[in-house]
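What follows is a set of notes on a single structure, which appears directly below.
Here, each number is a calculation from the coordinates, and none is a lab measurement. Computed from a predicted model, the values in this text were never measured in an experiment. Reconstructed Cβ throughout: ideal geometry from the backbone, glycine too, with neighbour counts over all protein chains shown.
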Amino acid sequence: MSNLPAEIIPLRSQLTEGTSIAIADKIQFCLVSTGFTSEIILTSYVSEGFPKEDQPPILLLHGFDSSLFEFRRLIPHLARSRQTWAMDLFGFGLTERLADGLVSPDAIKEHLYHFWKTAITKPIILVGASMGGAAAIDFALTYPEVVQKLILIGSAGMRKGTAAGKFLVPPFDRMATDFLRSPKVRREVSLKAYADPSFVTTDAEICASLHLAMPRWSESLISFTKSGGYGSFAKELTYLTQQTLILWGDRDQILGTKDAAKFQAIIPHNKLVWIENSGHVPHLERPSKVATEILNFISI
């Protein structure tokens, strides 16, 4: 019997790639209590590999308007050597969206902490991709005792946020999410995210959009946008205590490539590795290479 929400099951049947089917069938849910709501949040995650007492597990954080499905090709490579978790951030993926839940970076961070406290409970290797990188930076700065090492993949968090969300008033807020829901728009974003357009298959498009079927997808996206989202951590980065690996696609058309050097110049203890022939999602285009770099880094 599937653990997936009823809204997602029909989309699961349309998946064709082995790694997509595998991650869909491994999704679990746990109940997470936080301080910002009295409701308990049903939180989606996957966990693969065997825990080892002397090895911190890996936790993967996805990007904006995405889900843990974006790690479907990376997890199998990592889990052969290290217990690997991926979870859906508050307001995103298949994690429950609350009727009155305001989605903001602070709420995401608190929910992430309580998920860690509920499901993992030991220091971790924290990996964030794109917006997930900004969430990982924020978390590592606030809970340095939890994060042993930090890994950023094409990370957000270097640029100032935008005030545009404050102007998302009805009906323009719905118009904006309806625009983002459009299959044509999502396909154009996918084509820009990959260096090799052949990766934009029907299966990939389903994986990138199945969370849109979740209740309150539009409301949560509007709430997060109105919060201002993640801005620049440029000043705070100097206080990062963790050794940090920066992985960046050399053909990134979403964030470009200049931010990689900026992260390298500011973070105290870091290593920058370019993933060749890859766009904004090297963990999908070059999962074996990305996994090798991560495993080599955390074994030092």
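Brief remarks on what is shown
- Distant-in-sequence amide contacts of V147, defined by a placed amide H-H separation under 5 Å and a gap of 5 or more residues or a different chain, comprise I124.
- Based on DSSP H segments of at least four residues, each scored -39500 (n - 2.57), the chain has a per-residue ellipticity at 222 nm of -10000 deg cm²/dmol.
- For Q55, no residue whose modelled amide H falls within less than 5 Å of its own remains once neighbours fewer than 5 places apart on the same chain are excluded.
- Extension reserve of the K26-T201 stretch, reckoned as 0.36 nm per residue once the Cα distance is removed: 60.8 nm
- The distance separating the Cα centre of the range 97-153 from that of the range 1-47 comes to 18 Å.
- A dipole drawn for the range 1-110 from +1 and -1 charges on Cβ atoms has a positive end, and of N3, F90, I41 the residue lying farthest that way is N3.
- Spin-label model distance (nm) - F179 vs E236, 7 Å beyond Cα toward Cβ: 2.9 nm
- Dipole magnitude (debye, nearest 20) for the chain, charges at Cβ of Lys, Arg, Asp, Glu: 440 debye
- Using the Karplus relation 6.51 cos²θ - 1.76 cosθ + 1.60 with θ = phi - 60°, the per-residue 3J(HN,Hα) values for the range 257-269 come to 10, 5, 5, 4, 5, 5, 4, 4, 6, 9, 5, x, 10 Hz, with x marking Gly and Pro.
- Equivalent ellipsoid dimensions for the range 1-141 as semi-axes, Å, which come from the Cα gyration tensor, largest first: 22, 20, 14
- Between the range 190-226 and the range 67-88, the alpha-carbon center distance in angstrom: 18 Å
- Cβ-to-Cβ counts within 10 Å put L272, L150 in ascending order as L272, L150, the fewest first.
- Size descriptors for the chain (Cα atoms only): Rg and Dmax, in that order, 17.8, 53 Å.
- Shown for W217, W248, W274: other C-beta atoms within 10 Å of each C-beta, ranked fewest to most, produce the order W274, W217, W248.
- Label sites at R12 and E145, each approximated as a point 7 angstrom past Cα along Cα to Cβ, lie 3.8 nm apart.
- In terms of its Cα atoms, the range 244-300 spans 28, 26, 12 Å along the principal axes, sorted from long to short.
- In this rough spin-label picture, where each label sits 7 Å from Cα along the Cβ direction, the R187-Q264 distance is 3.7 nm.
- 3J(HN,Hα) from dihedral phi, the range 97-106, Karplus parametrisation 6.51/-1.76/1.60, rounded to Hz, x for glycine, proline: 9, 8, 4, 10, x, 7, 9, 8, x, 5
- The HN-Hα couplings worked out from phi for the range 107-113 by the Karplus form 6.51 cos²θ - 1.76 cosθ + 1.60 (θ = phi - 60°) are 5, 4, 5, 5, 4, 4, 4 Hz, whole numbers, x standing for Gly and Pro.
- Given R0 = 25 Å, the distance between the Cβ atoms of N3 and L102 translates into a calculated FRET efficiency of 0.35.
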